[in-house]
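Here the structure is laid out as structure tokens; the discussion comes afterwards.
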Amino acid sequence: MAQLKAARVADVPTLDVVAPGLVVAEADASAAIAAARGPGGRFSVVGHRGKGMNALASADRRLQEVRENTVRSFNDAARFPVDYVEFDVQVTKDGCPIIFHDNFIYTEEDGKISQKRVTDLQLEDFVQYGPQNEQGKIGKPLLRKMKDGRMLNWNVQSEDALCTLQEAFEKVNPRLGFNVELKFDDNLEYEEEKLTRILQAILKVIFEYAKDRPILFSSFQPDAAQLMRKLQSKYPVYFLTNGGTEIYTDVRRNSLEEAIKLCLGSGLQGIVSEARGIFRHPAAIPKIKEANLSLLTYGTLNNVPEAVYMQHLMGVNGVIVDLVPEITEAVSELIALPEPDSEVENLSSNQAAKGAATPNFSQREISFLLRLIPELVQ
């Protein structure tokens with residue numbers, strides 16, 4: 001069987017993004033995004049929380065290389081041919097959009113573990129956690145709670161301070177698009193008034209500082225995704241889903257079919273699914289395409305070049321990845337990606353010279369792989 005490489009197929013559409021700086025009227029949004037598709041499009045690679053999330057319990061040191069969701073992590077990702085970085089935005093108690101993934105932030109004070117809900121903090125309290133950029137200033141040590149309940153020191157090889165959304169716009173390489181995940185707690189219920197207040201705080205920063213930077217919104221919270229679409233039509237909104245790999249009380253979150261229904265009913269422009277959901281239900285992909293929706297995926301499978309390649313063959317538009325150097329290199333062997341910023345140092349200069357032919361698969365081999373991968377996922 002042919003050796004699997006990473007993605008190729010130059011005419012797979014790219015992220016459906018309205019042209020930078022273009023204010024799109026509500027009635028024209030769908031047409032503008034449809035126009036962004038086509039044979040000139042490109043398979044997209046998106047850096048997860050920057051250059052990759054921090055998996056503190058992993059033996060893979062690459063997942064503890066740089067602090068996630070920081071300016072340094074975003075700019076490190078920009079050294080490689082990624083289109084976007086994805087990050088999580090929450091809003092502090094005093095109305096400032098900040099970038100942080102977890103619902104709770106932990107530290108140790110007087111020998112005891114302290115837990116605070118991120119959205120209950122004032123901005124001045126939030127920025128006191130973790131590494132500090134101000135020389136001589138020491139922040140509160142950060143801990144992170146694992147899914148199994150363990151509490152680990154949140155230490156990485158390359159540190160940076162926690163940041164606000166405004167700082168990201170001001171300090172991150174301007175060629176890099178932002179996939180802004182609207183982060184909400186699954187265990188809380190949100191009234192429309194509160195959701196509106198949160199989203200408007202985020203939009204205020206974006207409209208003031210985004211300039212020509214490409215922006216894409218996404219959220220697991222169905223009401224937040226729908227409301228963001230109502231509040232603005234300049235930037236596309238995608239619905240995040242586990243694709244049926246987990247079950248929630250809100251049925252809109254429980255399958256790709258429900259995700260399609262939500263998007264069509266609310267005018268959303270795409271779906272971001274857990275990669276396992278796509279491999280378990282590949283028949284959903286043509287339905288997503290028929291609905292004129294873009295499709296991205298996330299998850300640990302996206303750190304495996306073979307899985308990325310298969311998604312490319314299946315019609316996925318792009319992948320959100322943790323191992324940014326490895327996956328962009330694998331993809332770059334076979335597909336044209338955007339040029340990294342020439343002023344960013346330490347960029348590998350030999351990728352363009354590698355050149356690799358697209359692997360040729362017989363229909364039998366593709367059928368075999370499509371049968372095999374769902375079994376591996378299970």
(message) Using the Karplus curve 6.51 cos²θ - 1.76 cosθ + 1.60 with θ = phi - 60°, what ³J(HN,Hα) values do you get for each residue of the stretch 170-185, in whole Hz, with x for Gly and Pro?
(response) 7, 10, 9, 2, x, 6, 7, x, 10, 8, 8, 7, 7, 8, 9, 7
(message) Please list, in order along the stretch 211-222, the HN-Hα scalar couplings obtained from phi with the Karplus expression 6.51 cos²θ - 1.76 cosθ + 1.60 (θ = phi - 60°), rounded to whole Hz, x for Gly and Pro.
(response) 6, 8, 5, x, 10, 9, 9, 8, 6, 7, 7, x
(request) Figure the gain on full extension for Lys116 and Glu290 (residue separation times 0.36 nm, minus the Cα-Cα span) and round it to one decimal in nm. (result) 58.2 nm
(request) Enumerate the amide H contacts of Ser158 below 5 Å, restricted to partners 5 or more residues apart or on another chain; note that Pro and chain-start residues carry no placed amide H. (result) Val66, Arg67
(request) Measure off, as a whole percent, the carbon and sulfur share of the 1.4 Å-probe accessible area of the stretch 38-162, all protein chains present. (result) 45
(request) May I ask you to list the residues of the stretch 82-97 whose amide nitrogen lies under 20 Å from a point 7 Å from Cα along the Cα→beta-carbon direction of Arg197? (result) 89-97
(message) Using the Karplus curve 6.51 cos²θ - 1.76 cosθ + 1.60 with θ = phi - 60°, what ³J(HN,Hα) values do you get for each residue of the stretch 293-300, in whole Hz, with x for Gly and Pro?
(response) 10, 7, 9, 10, 9, 9, x, 5
(request) Add +1 for every Lys or Arg and -1 for every Asp or Glu among the other residues with Cβ under 11 Å from the Cβ of Asp83, and state the total. (result) +1
(request) Mind listing the long-range amide H neighbours of Glu86? Cut-off is under 5 Å, sequence gap 5 or more, other chains count too, H placed in the peptide plane at 1.01 Å from N. (result) Gly47, His48, Arg49, Gly50, Asn179
(request) May I ask you to derive the relative contact order of the stretch 94-209, considering only C-alpha pairs under 8 Å and at least 6 residues apart, and to give it as an integer percent? (result) 27
(message) Restricting to Cα pairs below 8 Å that are 6+ residues apart, what does the relative contact order work out to for the stretch 151-307? Please round to a whole percent.
(response) 16
(message) Cβ neighbours within 10 Å, averaged per peptide: list 224-237, 187-200 in order, most packed at the top.
(response) 224-237, 187-200
(message) Contact order normalised by length for the stretch 217-312, with contacts defined as Cα pairs under 8 Å and 6 or more residues apart; what percent is it?
(response) 23
(message) For a quick check: with amide H placed at 1.01 Å from N, whose amide H comes under 5 Å from Ser58's, ignoring anything fewer than 5 positions away on the same chain?
(response) none
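The values are calculated or read from the model by the stated rules, or taken from the named source; none is laboratory data. On a predicted model such as this, the values are computed, not experimentally measured, just so you know. Glycine also receives a Cβ, built like all others from the backbone with ideal geometry; neighbour counts cover every protein chain displayed. Remember, those area values only see protein heavy atoms, side chains included, never the ligands or the DNA or RNA. Shrake-Rupley method; radii C 1.70, N 1.55, O 1.52, S 1.80 Å.
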